[in-house]
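First comes the structure, then the notes that go with it.
The values are calculated or read from the model by the stated rules, or taken from the named source; none is laboratory data. Here the structure is a predicted model, which means the values were calculated and not measured. Glycine gets a Cβ as well: all are built from the backbone with ideal geometry, and neighbour counts include every protein chain shown.
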Amino acid sequence: MLALVKDRRGRGLSLRRVPVPGFGIDDVLVKVDQTGICGTDVHIYDWDDWAKRVIQPPLIIGHEFVGKIVDKGSNVKRFKIGDRVSGEGHIVCGRCRNCLAGRSHLCPETVSVGVNRDGAFAEYLALPADNVWRCSAKVPREIYAIFDPLGNAVHTALSFEVLGEDVLITGAGPIGIMAVTIVRQAGARHVVITDVNDYRLKLAEKMGATLAVNVKRERIDAVQKKLGMHEGFDVGLEMSGNPRALREMIANMVHGGKIAMLGIQPSKTGIDWNRIVFGGLTIKGIYGRQMYESWYKATMLIESGMDISPVITHRFAFEKFESGFAAIKAGRAGKVVLSWA
Ligand code: NAD
Ligand code: ZN
């Protein structure tokens, strides 16, 4: 089969012919239709410090996918050949305290598809049946190619009650933009999103933001005044990974406000801890999706009318993967989907 492989320690990816993956009695074999390119894939492409530390070539990368089951192990009863599926890319141990207690999204032994084991940027993918998510016929197929980051957005955005609340989202990447739509659907009042990229801010506006603010030109406290807000944002969703964005969020929260943090900050990010202490703020770290509640909620939100399709701005055949990565790096893209059909 053909696959996008990180085959050496350095920049770039190679399209290679590799064996179709073998699979065990508890696994399924998926023929991949479409995949989404994630920031993680870009880090691996660029061979940055994180990638140098974590990635062991040769590795097939990618973890956002939709496809069809074409074969399965003898223990797999819940799925049949031909089922259209997506899948959770975090494979957990099943034995630690959190896994046993039904909190597998907090498993400390998590192994990631396309990072620690072969991934989905290939014609075929083998995955444990426990990680397979059956597609609803009521959700467009292409949306399942980005269900994984939609699940990140759902997990973060629904971490705290947003009904009637004012929500600040920092970072209008694909996940921040999807979060706008989710908190809208969940009944938020003002939804303010920030970025430094006007293309992405425009997309966020289209997805329902009250205001999409370029922090190169405008400060968030001025935005609060413009909206007639008095005490600060009730809920913050940090989705940029940028230290300045985090600090400005903390400075603009209501006393007792709640922040869910998805963005991956540099290790030395400094914040004013006294704003947390005296402001009575809660900060919750988010890793991945809540298994499998985020998958369920994402499905139901879409079945009940939420439309995230505008976040997909580019589509390419897998052979044109370089164009897909280039579109993301140019900063003029939401989600980029590769077709393997
Ligand atoms: P992305 O990199 O596409 O988006 C981040 C956005 O933040 C960009 O549009 C960038 O222009 C913007 N930004 C930069 N500086 C800013 C500032 N000062 N203020 C506001 N915005 C600013 O990423 P994404 O795919 O949308 O993911 C969002 C974040 O979540 C990233 O940091 C990513 O690494 C992280 N992530 C975490 C998990 C997890 O499990 N915790 C999973 C997926 C992604
Ligand atoms: Zn575990």
Residue 268 vs. criteria closer than 22 Å to residue 165 by Cα and more than 16 Å from ligand 2 (Cβ to nearest atom): no
Do we have residue 258 as surrounded by 14 or more Cβ atoms within 10 Å (Cβ to Cβ) and not in a loop (DSSP other than H, G, I, E, B) here? yes
Using the structure shown, decide if residue 38 is within 16 Å of ligand 2 (Cβ to nearest atom), within 19 Å of the chain's Cα centre (by Cα) and crowded, with 20+ Cβ neighbours inside 10 Å. no
Picking from 146, 177, which residue would you name as being in contact with a strand residue (DSSP E or B) (Cβ under 7 Å, 6 or more places away or on another chain) and modelled with pLDDT of 95 or more? 146
Suppose we filter 167, 139, 180 for residues that are over 12 Å from the mean Cα position of the chain (by Cα) and not assigned by TED's automatic domain parsing to the domain that holds residue 257; which single one remains? 139
Filter pass, residue 154 being away from ligand 2 (no atom under 16 Å from the Cβ), of a type in the set (A, V, I, L, M) and in contact with a Phe, Trp or Tyr (Cβ under 9 Å, 6 or more places away or on another chain): yes
Would you mind stating whether residue 126 is away from ligand 2 (no atom under 16 Å from the Cβ), in contact (Cβ under 8 Å) with a residue 60 or more places away in the chain and surrounded by fewer than 24 Cβ atoms within 10 Å (Cβ to Cβ)? yes
I'd like to check something: does the stretch 160-168 contain any residue that is in contact with a strand residue (DSSP E or B) (Cβ under 9 Å, 6 or more places away or on another chain), in a loop (DSSP other than H, G, I, E, B), hydrophobic (A, V, I, L, M, F, W, C) and more than 15 Å from ligand 1 (Cβ to nearest atom)? yes
Could you look through the stretch 253-268, keep only residues that are within 12 Å of ligand 1 (Cβ to nearest atom) and in contact with a Leu (Cβ under 9 Å, 6 or more places away or on another chain), and pick out the one that is farthest from residue 40 (Cα to Cα)? 260
Lone unmet requirement of (1) in contact (Cβ under 8 Å) with a residue 24 or more places away in the chain; (2) within 16 Å of ligand 2 (Cβ to nearest atom) for residue 103: (1)
Within the stretch 64-100, considering residues that are surrounded by 15 or more Cβ atoms within 10 Å (Cβ to Cβ) and without any contact (Cβ under 8 Å) to a residue 24 or more places away in the chain, the one nearest to ligand 1 (Cβ to nearest atom): 98
Condition test on residue 296, is it more than 16 Å from ligand 2 (Cβ to nearest atom) and either part of a helix (DSSP H, G or I) or under 30 Å from residue 145 (Cβ atoms) (or both)? yes
Filter result (surrounded by 14 or more Cβ atoms within 10 Å (Cβ to Cβ) and either at negative phi or within 11 Å of ligand 2 (Cβ to nearest atom) (or both)) within the stretch 106-121: 106, 107, 110, 112, 113, 115, 116, 117, 118, 119, 120, 121
Subset of the stretch 288-329, residues over 30 Å from residue 104 (Cβ atoms), surrounded by 14 or more Cβ atoms within 10 Å (Cβ to Cβ) and touching a Ser or Thr at 6+ places or on another chain (Cβ under 6 Å), comes to 316
Quick test for you: out of 244, 275, pick the one residue that is within 14 Å of ligand 1 (Cβ to nearest atom), at pLDDT 95 or above and not in a strand (DSSP E or B). 244
Output the number of the condition that residue 257 fails; it satisfies all remaining conditions of (1) touching a residue at least 60 places away in the same chain (Cβ under 8 Å); (2) within 14 Å of residue 167 (Cβ to Cβ). (1)
Among the residues in the stretch 314-325, are any at pLDDT 95 or above, under 28 Å from residue 45 (Cβ atoms) and assigned to a loop (DSSP other than H, G, I, E, B)? no
Which residues, counting only those in the stretch 86-100, are within 9 Å of ligand 2 (Cβ to nearest atom) and on the phi < 0 side of the Ramachandran plot? 92, 93, 95, 96, 97, 98, 99, 100
